Amino acid sequence: MAYKERKDDRIHSLNLLSYTCLDHANNELSRGMGRTLDISENGILLETHVEIIENTNISISIGLKDEVIDIMGTVIYTRKEKDGKYQAGIEFKETDERAKQILNKYILLLK
């Protein structure tokens, strides 16, 4: 399995989130809850109880301190862990300016 090089380091951070998986026409495929295991300006490692298929578009609402941001992304890879949970590498692809500012501020606080 080949992974693209990350543009920046991810920082360990546990944040609750909700997500909606979308097909390529942006029709809803499924919804769920999960949490981040790490975060960066360009993506997250998402932990869920169900598998999310690679190359799926995903709309995510993440709670960061007192803010909630909405971000679009793509599932780059997914894997099943020994505890039965799933981890998915998400690359952000559409982020509005407000969400970028909140995300960057949050990451700076963690460094």
TODO: Consider ILE58 carefully, then state whether it is in a strand (DSSP E or B) and in contact with a helix residue (DSSP H, G or I) (Cβ under 8 Å, 6 or more places away or on another chain).
DONE: no
TODO: Within segment 5-28, track down each residue that is part of a loop (DSSP other than H, G, I, E, B) and within 14 Å of ILE107 (Cβ to Cβ).
DONE: ARG6, LYS7, ASP8, ASP9, ARG10
TODO: Pairs only if they're at least six apart or on different chains, beta carbon under 7 angstrom, first in segment 46-64 and modelled with pLDDT of 95 or more and surrounded by fewer than 17 Cβ atoms within 10 Å (Cβ to Cβ), second part of a loop (DSSP other than H, G, I, E, B) and aromatic (Phe, Trp, Tyr); list them, first residue then second.
DONE: none
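Could you say which residue among SER13, SER30 is among the polar types (S, T, N, Q) and at pLDDT below 95?
Numbers: SER30 fails: at pLDDT below 95.
Only one candidate qualifies: SER13.
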Task: Given (1) within 14 Å of TYR19 (Cβ to Cβ); (2) not in a loop (DSSP other than H, G, I, E, B); (3) not charged (D, E, K, R), number of the condition TYR77 does not satisfy - done: (1)
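If you check ILE69 against the conditions, is it among the β-branched types (Val, Ile, Thr), under 17 Å from CYS21 (Cα atoms) and either modelled with pLDDT under 95 or not in a strand (DSSP E or B) (or both)? Walk me through how you get there before you give the answer.
On the way: among the β-branched types (Val, Ile, Thr): yes; under 17 Å from CYS21 (Cα atoms): yes; either modelled with pLDDT under 95 or not in a strand (DSSP E or B) (or both): no.
No: the conditions fail for ILE69.
Among the residues of segment 80-93, what is the count of those that are assigned to a strand (DSSP E or B) and either more than 14 Å from GLU51 (Cβ to Cβ) or not hydroxyl-bearing (Ser, Thr, Tyr) (or both)?
Filtering segment 80-93 down to residues assigned to a strand (DSSP E or B) leaves 80, 86-93.
Narrowing further to those that are either more than 14 Å from GLU51 (Cβ to Cβ) or not hydroxyl-bearing (Ser, Thr, Tyr) (or both): 80, 87-93.
Selection size over segment 80-93: 8.
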TODO: Kindly indicate whether GLU41 is in contact with an Asp or Glu (Cβ under 9 Å, 6 or more places away or on another chain) and in a loop (DSSP other than H, G, I, E, B).
DONE: yes
- [ ] Determine the pairs where a residue that is in contact (Cβ under 8 Å) with a residue 40 or more places away in the chain, located within segment 80-95, has a partner that is part of a loop (DSSP other than H, G, I, E, B) and of a type in the set (D, E, K, R) with Cβ atoms under 8 Å apart, the partner being 6 or more residues away or on another chain.
- [x] GLN87/GLU81; GLU91/LYS4; PHE92/GLU41
TODO: Name the residue, out of ARG31, ARG35, that is within 23 Å of ILE107 (Cβ to Cβ), without any contact (Cβ under 8 Å) to a residue 40 or more places away in the chain, part of a strand (DSSP E or B) and not β-branched (Val, Ile, Thr).
DONE: ARG35
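The values are calculated or read from the model by the stated rules, or taken from the named source; none is laboratory data. Quantities reported herein were computed from a predicted structural model and do not represent experimental measurements. So basically every Cβ, Gly included, is an ideal-geometry build from the backbone, and we count neighbours across all protein chains shown.
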